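The structure appears right after this line, and notes come after that.
The values are calculated or read from the model by the stated rules, or taken from the named source; none is laboratory data. Bear in mind that the values here come from a model prediction, so they are computed numbers and not experimental data. As a convention, Cβ positions derive from the backbone with ideal geometry for all residues, glycine included, and neighbour counts pool all protein chains shown. Side chains included, ligands, DNA and RNA excluded: accessible areas come from the protein's heavy atoms. Shrake-Rupley method; radii C 1.70, N 1.55, O 1.52, S 1.80 Å.
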Amino acid sequence: TITGYRVAKIVDSSNPDLKKGDLIWGGLFKIQNADLPLSYYTGILGMPGHTAYIGFYEICSPKKGENVFVSVASGAVGQLVGQFAKLFGCYVVGSAGSKDK
């Protein structure tokens, strides 16, 4: 099975928790706050945001003022790690591209 993270609108459902017109993301997680842009659910509120948050705050366990190097800083996860680090008060260096650049 391939897992895909997406945003979708229910067009028909036999599930009592989901009705026509409901918005879902990920598997079958109902979007409760439709005031946010739907793209957030595939970015900051989706897999890239979750991965960046867990990786930075729980695995990296940074301290304010530390230096943080972000490899692939232009990617979906890397750019969020860089923003989290900057907001946390770290000095951030991001790398993007190849050796030729």
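Brief remarks follow.
- Some residue of the stretch 76-88 being buried (at least 16 other Cβ atoms within 10 Å of the Cβ) and part of a loop (DSSP other than H, G, I, E, B): no
- Looking across the stretch 8-50, the residues that are open to solvent by 50 Å² or more (accessible area, probe 1.4 Å) and aliphatic (A, V, I, L, M) come down to Val11, Leu28, Ala34, Leu36, Leu38, Ile44, Leu45, Met47.
- Filtered residues of the stretch 28-44 (kept if assigned to a loop (DSSP other than H, G, I, E, B) and in contact (Cβ under 8 Å) with a residue 12 or more places away in the chain): Leu28, Ile31, Gly43, Ile44
- Number of the condition not met by Lys64 [criteria: (1) surrounded by 13 or more Cβ atoms within 10 Å (Cβ to Cβ); (2) in contact with a helix residue (DSSP H, G or I) (Cβ under 7 Å, 6 or more places away or on another chain)]: (1)
- Counted residues, the stretch 65-89 - those being more than 11 Å from Gly49 (Cα to Cα), touching a residue at least 12 places away in the same chain (Cβ under 8 Å), out of contact with any Ser or Thr (no Cβ under 8 Å at 6 or more places or on another chain) and of a type in the set (A, V, I, L, M): 2
- Counted residues, the stretch 7-16 - those being in contact with a strand residue (DSSP E or B) (Cβ under 7 Å, 6 or more places away or on another chain) and either part of a loop (DSSP other than H, G, I, E, B) or in the same structural domain as Pro48 (by the TED database) (or both): 1
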